[in-house]
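Okay, so here's the structure we're looking at.
The values are calculated or read from the model by the stated rules, or taken from the named source; none is laboratory data. None of the values given here were measured: they were computed from a predicted structure. All Cβ positions, even for glycine, are placed from backbone atoms using ideal geometry, and neighbour counts span all protein chains on display. When the accessible area is computed, the model is the full protein with side chains, heavy atoms only, and any ligands, DNA or RNA have been set aside. Shrake-Rupley method; radii C 1.70, N 1.55, O 1.52, S 1.80 Å.
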Amino acid sequence: MLLIQNVTVIDPKSGTQATGDILISRDRIQRIAPVIDPPEEVEIIDGSGLCAGPGLVDVHVHFRDPGLTYKEDILTGAAAAAAGGFTTVIMMANTKPPIDSVETVRYVLNKGKETGIHVETCGTVTVGMRGKELTDMRALKEAGAVGFTDDGVPLMDEKLALEAMAAAAALKVPISFHEENPAFIVNNGVNHGKASEYFGIGGSDRQAEISMIGRDIALAAQTDCCMDIQHISTKEGVDLIRKAREESPGMDIHAEATPHHIALTEEAVMEHGTLAKMNPPLRTMADRLAIVEGLVDGTIDLIATDHAPHSVQEKAGPLTEAPSGIIGLETSLAVCVTELIEPGYLTLCQLMEKMAYNPARMYHLDCGYLAEGGPADIVLFDPAENFVVGENFHSKAVNSPFIGQELKGVVRYTICNGRVVYENPAP
């Protein structure tokens, strides 16, 4: 048994926050109360000054396994997740080979069981992520895939996109879309504007995202699918989702914001080069503030890292040749505390809703909340403690523009299935 004493308990499901104790027996929370007398043979964690939130849930991670494990693998990705307070992650399917077969789904899930956290995976929407033919989505779901996405590659065939939405709706699982039309992109990963002018390249125009979001909202309205708009980067994209929700309140549409789009603008790529290159790119201050506003009013209901590890050698290449993407699992909570909690945009309970409860609900997972009888998946963190981001990541990769930045919010313990899977006690 494990007893966490004198901790601020944050449950986004009930919307409550109160100081008390949490008693864990095996993999479930046995009791939550203001004071719990320690049973015999119990391990005690002093939670004084700490917050206990549900283990974080990330619906958008790249673990590069199988096939690209020099960047990351499922074991190191899971270790990075645990260090960031995450107890459940959803892998994207753009591995090598892609997760488009029953065999690959089983490989990923079986390897995920070797970690200390819950590793789930999406299957691809199309065979080989080539955008030509739908996968056997039913077979992939029966093998354990919790949703579908060709993340990294936009689905340009409108008819096929509609068929995919209908298939996902029939299977009652989410389908997630990477919204970047290549017709509006000359050089990816850099905003067409101040940043592209600085580097003397074409960059990625905002219409690349806006046009695809508009198209897919219109398509989704023809089905009952649960659709996730991934890593939104433009104020117009936020407005399109807000308008869709207002005009069609029954529409099951979700939107992700990444910590880097919450915190940074295109000036970061001018400062950090390839370490701040990602798809979609960092854009303007107006876009950043619109994303924050979308989080505040509920238009954007998910915060997801888009954890995208690459090797040092790859990121050391020229800006137009280096791959897009940054790691995010180990800095996500701190970036959000610093950029959303400290300025007063969100409460801690609202942050836990967007980082745990809403992501779990979208994927029909029994997690993302703290309650008696519920899963013992918990993150203990100090929201008031500052630290400087170093390069000693649990991930294999170090491609982060936050290195050297002072952030607020330190993860002290991550507990999954009632077991401590990450520990960083205060000195």
Item to check | Selection status of M251, open to solvent by 10 Å² or more (accessible area, probe 1.4 Å), over 16 Å from the mean Cα position of the chain (by Cα), over 25 Å from D150 (Cα atoms) and of a type in the set (A, V, I, L, M) | outcome: no
Item to check | Unique match (being under 23 Å from T265 (Cβ atoms) and in contact with a Phe, Trp or Tyr (Cβ under 9 Å, 6 or more places away or on another chain)) among M212, M227 | outcome: M212
Checklist entry - For segment 110-132, how many residues meet the condition of being part of a loop (DSSP other than H, G, I, E, B), of a type in the set (D, E, K, R) and either crowded, with 17+ Cβ neighbours inside 10 Å or free of Cβ contacts under 8 Å to residues at least 24 places away in the same chain (or both)? => result 2
Next on the checklist: Just the residues that are assigned to a helix (DSSP H, G or I) and within 20 Å of I232 (Cβ to Cβ), please, taken from segment 165-193.
Outcome noted: M165, A168, P182, A183, F184
Checklist entry - M270 versus (1) assigned to a loop (DSSP other than H, G, I, E, B); (2) among the aliphatic types (A, V, I, L, M); (3) closer than 19 Å to N188 by Cβ: which is the lone unmet condition? => result (1)
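Residue by residue, here is whether (1) polar (S, T, N, Q); (2) open to solvent by 10 Å² or more (accessible area, probe 1.4 Å); (3) within 17 Å of M355 (Cβ to Cβ) holds:
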{"position": "I10", "(1), (2), (3)": "no, no, yes"}
{"position": "Q17", "(1), (2), (3)": "yes, yes, yes"}
{"position": "I22", "(1), (2), (3)": "no, no, no"}
{"position": "S25", "(1), (2), (3)": "yes, yes, no"}
{"position": "A52", "(1), (2), (3)": "no, no, yes"}
{"position": "V61", "(1), (2), (3)": "no, no, yes"}
{"position": "Y70", "(1), (2), (3)": "no, yes, no"}
{"position": "G84", "(1), (2), (3)": "no, no, yes"}
{"position": "V89", "(1), (2), (3)": "no, no, yes"}
Checklist entry - Which residue out of R64, R26, R31 is among the charged types (D, E, K, R) and under 21 Å from the mean Cα position of the chain (by Cα)? => result R64
Item to check | One residue from A244, A218, A208 being surrounded by fewer than 21 Cβ atoms within 10 Å (Cβ to Cβ) and outside any loop (DSSP other than H, G, I, E, B) | outcome: A218
Item to check | Of all residues making up segment 273-289, the number that are aliphatic (A, V, I, L, M) and surrounded by 23 or more Cβ atoms within 10 Å (Cβ to Cβ) | outcome: 3
Checklist outcome for this item: Of the conditions (1) at positive phi; (2) touching a helix residue (DSSP H, G or I) at 6+ places or on another chain (Cβ under 9 Å), the single one that M129 does not satisfy is (2)
Item to check | Single residue of segment 332-345 satisfying the filter (touching a residue at least 12 places away in the same chain (Cβ under 8 Å) and open to solvent by 10 Å² or more (accessible area, probe 1.4 Å)) that is farthest from S395 (Cα to Cα) | outcome: Y345
Next on the checklist: Based on this model, can you work out whether P318 counts as open to solvent by 10 Å² or more (accessible area, probe 1.4 Å) and farther than 30 Å from P66 by Cα?
Outcome noted: no
Checklist entry - Restricted to segment 204-247, and to residues that are of a type in the set (D, E) and within 22 Å of V146 (Cα to Cα), which residue is farthest from the chain's Cα centre (by Cα)? => result D224
Checklist entry - Of the residues F381, F393, which is hydrophobic (A, V, I, L, M, F, W, C), farther than 30 Å from A145 by Cβ and either touching a Leu at 6+ places or on another chain (Cβ under 9 Å) or open to solvent by 30 Å² or more (accessible area, probe 1.4 Å) (or both)? => result F381
Checklist entry - Limited to segment 114-149, what total is found for residues that are under 21 Å from H364 (Cβ atoms) and acidic (D, E)? => result 3
Next on the checklist: Could you check segment 15-50 and list, in sequence order, the residues that are in contact (Cβ under 8 Å) with a residue 40 or more places away in the chain, of a type in the set (A, V, I, L, M, F, W, C) and in a strand (DSSP E or B)?
Outcome noted: I22, I24, I29, I32, I44, I45
Checklist outcome for this item: When segment 186-205 is checked residue by residue, the ones that are of a type outside the set (S, T, Y) and surrounded by 22 or more Cβ atoms within 10 Å (Cβ to Cβ) are G189, V190, N191, H192, A195, G203
